[in-house]
1. Express the relative contact order of the chain as a whole percentage, based on alpha carbon pairs under 8 Å and six or more residues apart in sequence.
2. With a 10 Å cut-off between alpha carbons and a GNM built on the chain, which of R115, R205, R31 moves the most?
3. Spin-label point model (7 Å from Cα, Cβ direction): what's the R72 to N195 distance in nm?
4. Grab the other residues whose beta carbon is less than 10 angstrom from that of R31, score K and R as +1, D and E as -1, and report the net.
5. Please compute the length gained on full extension between I7 and D27, using 0.36 nm multiplied by the number of residues separating them and subtracting their Cα-Cα distance.
6. Can you pull the Kirkwood radius for the chain, inverse mean 1/r over Cα pairs, to one decimal in Å?
7. With the dipole of region 25-156 worked out from charges on the C-beta (+1 for Lys and Arg, -1 for Asp and Glu) around the Cα centre, which of G52, A89, P122 lies farthest toward the positive end?
8. If each of R115 and R91 carries a label point 7 Å out from its Cα toward its Cβ, how far apart are those two points in nm?
Amino acid sequence: ELALPTIDWAKARLKVSNHVVREFEADEQARWAKELREPIERHFLHLALRYGPRLGELFFPPDALKRDARGRPILELGRYLTKEGVWRASRKDGTLHPVALRDEDAELLEELVERAIDRGAPHVWLNNAGTVLTYYAMRGRLVRAAARAGVEPGRIIHGMRHHAGTQMARQGLGLAKDLLGHKQIETTMRYAHTNTDDMRAALDRVAAPAPKPKAR
């Protein structure tokens, strides 16, 4: 005698994101890095493409580099420096987002942190002369270098976040969610795009041996 609830299947249907996702080919990345003037700029590009933080979050204070309970390196993201020199939360809930670092990247950042502390700098991005690079200075250098390298224009800056997210989504959507610091998996779905190479690789993994033609 109990009536089952009516299901609105239109609302239950999973929507596929139509966001344009930017992913940089290896040769594009190499040309882009080559056009950057200083090693610090290439380090910045490397971290942006690998970890995909929001660009402003990559201007983290020296104390953002930490060790977790097991002694592994992490980087706490979620703050940005205003023009007035004040740190603000970049996430809606004000929390910090710990990102697991590869050891080689942690070693690089430890050197940058030490240099920033010695110079009394608010963040780790200093040029060869020891001058602090602002968000707008670094952004301009990245965009101009991309143009010189012939990297296709459009979505250059936020495209680095899409690049990292899309690549990690191939390893698992949950991993991409954790890397990018999303609260909702629906947000991460914007990065879960595939290409024809992904499809061929998946078919190779699951395909049964092709039947041999019968002898005539």
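1. Computed value for the chain: 26 percent relative contact order.
2. Looking only at R115, R205, R31, the biggest GNM fluctuation is shown by R205.
3. Rounded to a tenth, the inter-label distance reads 2.9 nm.
4. Result for the neighbourhood of R31: -2.
5. Length gained, I7 through D27: 2.3 nm.
6. Result for the chain, one decimal place: 19.9 Å.
7. Looking along the dipole axis, the top candidate is A89.
8. For R115 paired with R91, the spin-label model returns 2.9 nm.
The values are calculated or read from the model by the stated rules, or taken from the named source; none is laboratory data. Keep in mind it's a predicted model, so treat the numbers as computed, not measured. With ideal geometry, Cβ positions are generated from the backbone for all residues, glycine too; neighbour counts draw on all protein chains shown. Surface accessibility is based on the protein's heavy atoms, side chains included, excluding ligands, DNA and RNA. Shrake-Rupley method; radii C 1.70, N 1.55, O 1.52, S 1.80 Å.
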